[in-house]
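These notes are about the structure you will find just below.
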Amino acid sequence: MIEINNISKWYGQFQVLADCSTRIAKGEVVVVCGPSGSGKSTLIKCVNGLESFEQGDVIVDGTSVGSPTTILSKLRSRVGMVFQHFELFPHMSITENLTIGQIKVLGRSKDEALQRGLKLLDRVGLRSQAEKFPGQLSGGQQQRVAIARALAMDPICMLFDEPTSALDPEMINEVLDVMVELANEGMTMMVVTHEMGFARKVAHRVIFMDHGRIVEDATKDDFFGTPRSERAQLFLSKILSH
Amino acid sequence: MSFFTELDVSVIAPSLPFLWTGLKFTVTLTLIAMSGGIILGTLLALARLSPFSPLAMAASWYVNLMRSIPLLMVILWFFLIIPLITGYPMGAETSAIITFTAFEAAYYSEIMRAGIQSVSRGQVFAGQAIGMTYAQTMGHIVLPQAFRNMLPVLLTQTIILFQDTSLVYAIGAKDLLKAAEIAGKNYNRPVEMYIFAAVIYFVICFSLSRLVKHLQSRIAIIR
Ligand SMILES: Nc1ncnc2c1ncn2[C@@H]1O[C@H](COP(=O)(O)OP(=O)(O)OP(=O)(O)O)[C@@H](O)[C@H]1O
Ligand SMILES: [Mg+2]
């Protein structure tokens, strides 16, 4: 489903991504972790072309992200993305947030889009908030709406960039629950997170990044059992000790 | 003392219809220059922020040029030079409308540029992530928020524009000030007429600036 082939990226002299490769099969859930600044956000944004890269290529469902002939907006409409800071559109109601992409990008009718939007809102348990504005919701609720907004486009896979790290602790689980459910339904997911409980529960593989490199790419059991690199061991012991 | 006792306000009532035609032009000029200026200014701002550098440079050049020349000179030049170039005479009113729109666009563009930059990059990513094109992201996500954030500043600029329209007096366009001058001459009461015109300018500007205050507090709440 997602193939990342030897991508490298520089900001001027600074190399953010160094020869990163991995594959994510259909239905697979892959967790990406690593210290701050290691390039996790940059890597995940390369998957739907929100960030460009200088070398290598990313293939999503057979489409090359790096190719100049690829219409990136088309590709992105099929790849859902959830951000650390939710990024709901603050000038639109929750309903409008859920329908605008369906109407403007997929060309669905208003009615159809609304039905789909409300169904997903129901699914994340926020049906009663439909007419509110993002600013009136809690962080956890906003993030659940953001997940619903991405799902409304009927994506073939979902990217999450630290979806819970801007949340108060008591709201983290309501978001993780939605993600676990999604994973159990067989959604292909690439998730940047430090929530190791989530990784243990649903991940198939865990990728560990450091200084722009993929240092470890292992099955969940291998990663939590015997991480090979010292950096990963150190990192794990640090975050698991919290 | 004698200045006030000698004022004759009775000449104002009969000249109201005439002053009204002047005020109508002043308001029309303001509204057209505002809407045209904001639309053009937004396009200029987008051009300045575009990664295509010739376009960005041309827009920036235009904005800086307009902002470095006194408005009165632009009004005069445009009025005098355009007929020479095109060979057709142009009415003072038409000339004023075009000049003001083109001139104000430079100022509105700086406001809209700041507004666009006030919208976080994450919002752009979010728009693009659901498959919106650049134009859709701008049109549905960035510009509405930029416009909302900048509404008080845009209105403040419009108040300045409203006051500046009195400069068309120089090319003889019949705005409120010109109407007051003519009425003043007719009744031989220029002082009364100028004072009355000043009162109208004041009332309108004052009301608008109250509106700006109100909007500012509302936007503060939304945020
Ligand atoms: N626009 C930019 N210009 C220059 N450097 C950048 C830019 N964006 C990111 N970086 C640098 O690239 C590196 C990787 O950033 P990235 O956001 O991908 O890290 P991350 O692993 O997601 O970190 P975090 O856990 O803090 O989110 C960081 O060192 C960051 O400072
Ligand atoms: Mg990050």
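The values are calculated or read from the model by the stated rules, or taken from the named source; none is laboratory data. Everything quoted here is computed from the prediction, not taken from an experiment. Every residue, glycine as well, gets a Cβ built from its backbone with ideal geometry; the counts of neighbours run over all protein chains shown.
Details
- Just so you know, in the range A:67-84 the residues that are free of Cβ contacts under 8 Å to residues at least 40 places away in the same chain and part of a loop (DSSP other than H, G, I, E, B) include one that is nearest to the other protein chains (Cβ to nearest Cβ), and it is A:I71.
- One residue stands out in the range A:154-179 among those that are touching a strand residue (DSSP E or B) at 6+ places or on another chain (Cβ under 6 Å) and within 12 Å of chain B (Cβ to nearest Cβ): the one that is nearest to ligand 2 (Cβ to nearest atom), namely A:D161.
- Qualifying residue in the range A:140-153 (condition: in a loop (DSSP other than H, G, I, E, B), more than 11 Å from chain B (Cβ to nearest Cβ) and more than 16 Å from ligand 2 (Cβ to nearest atom)): no
- Selection status of B:P83, more than 21 Å from B:T30 (Cβ to Cβ), more than 14 Å from every other protein chain (Cβ to nearest Cβ), in contact with a helix residue (DSSP H, G or I) (Cβ under 6 Å, 6 or more places away or on another chain) and surrounded by fewer than 14 Cβ atoms within 10 Å (Cβ to Cβ): no
Results for (1) outside any strand (DSSP E or B); (2) within 14 Å of the chain's Cα centre (by Cα); (3) within 10 Å of ligand 1 (Cβ to nearest atom); (4) among the small types (G, A, S), shown as yes or no for each residue.
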| position | (1), (2), (3), (4) |
| --- | --- |
| A:A18 | no, no, no, yes |
| A:T22 | no, no, no, no |
| A:K26 | yes, no, no, no |
| A:V30 | no, yes, no, no |
| A:G37 | yes, no, yes, yes |
| A:S41 | yes, yes, yes, yes |
| A:C46 | yes, yes, yes, no |
| A:G49 | yes, yes, no, yes |
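- B:E104 touching a Gly at 6+ places or on another chain (Cβ under 7 Å) and at pLDDT 95 or above: yes
- Reported count of residues in the range A:28-45, each being away from ligand 2 (no atom under 13 Å from the Cβ) and either touching a helix residue (DSSP H, G or I) at 6+ places or on another chain (Cβ under 9 Å) or within 14 Å of chain B (Cβ to nearest Cβ) (or both), is 2.
- Verdict on A:E87 being without any contact (Cβ under 8 Å) to a residue 24 or more places away in the chain, within 22 Å of B:A135 (Cβ to Cβ) and within 13 Å of another protein chain (Cβ to nearest Cβ): no
- Some residue of the range A:168-182 being surrounded by fewer than 22 Cβ atoms within 10 Å (Cβ to Cβ), touching a residue at least 24 places away in the same chain (Cβ under 8 Å), more than 16 Å from ligand 1 (Cβ to nearest atom) and outside any helix (DSSP H, G or I): yes
- Only one entry in A:G225, A:G197, A:G186 is within 20 Å of A:V79 (Cα to Cα), surrounded by fewer than 22 Cβ atoms within 10 Å (Cβ to Cβ) and over 14 Å from the mean Cα position of the chain (by Cα), namely A:G186.
- Filter result for A:N6 (touching a Cys at 6+ places or on another chain (Cβ under 9 Å) and in contact (Cβ under 8 Å) with a residue 12 or more places away in the chain): yes
To keep it simple, each residue is scored yes or no on (1) modelled with pLDDT under 95; (2) loosely packed, with under 15 Cβ neighbours inside 10 Å; (3) β-branched (V, I, T); (4) assigned to a helix (DSSP H, G or I).
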| position | (1), (2), (3), (4) |
| --- | --- |
| B:M112 | no, no, no, yes |
| B:A126 | no, no, no, yes |
| B:M138 | no, no, no, yes |
| B:L151 | yes, no, no, yes |
| B:L167 | yes, no, no, yes |
| B:A180 | yes, no, no, yes |
| B:K185 | yes, yes, no, yes |
| B:M193 | yes, no, no, yes |
| B:K213 | yes, yes, no, yes |
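- The listed residue being away from ligand 2 (no atom under 16 Å from the Cβ) and closer than 20 Å to A:M187 by Cα, out of A:D19, A:D57, A:D61, A:D111: A:D61
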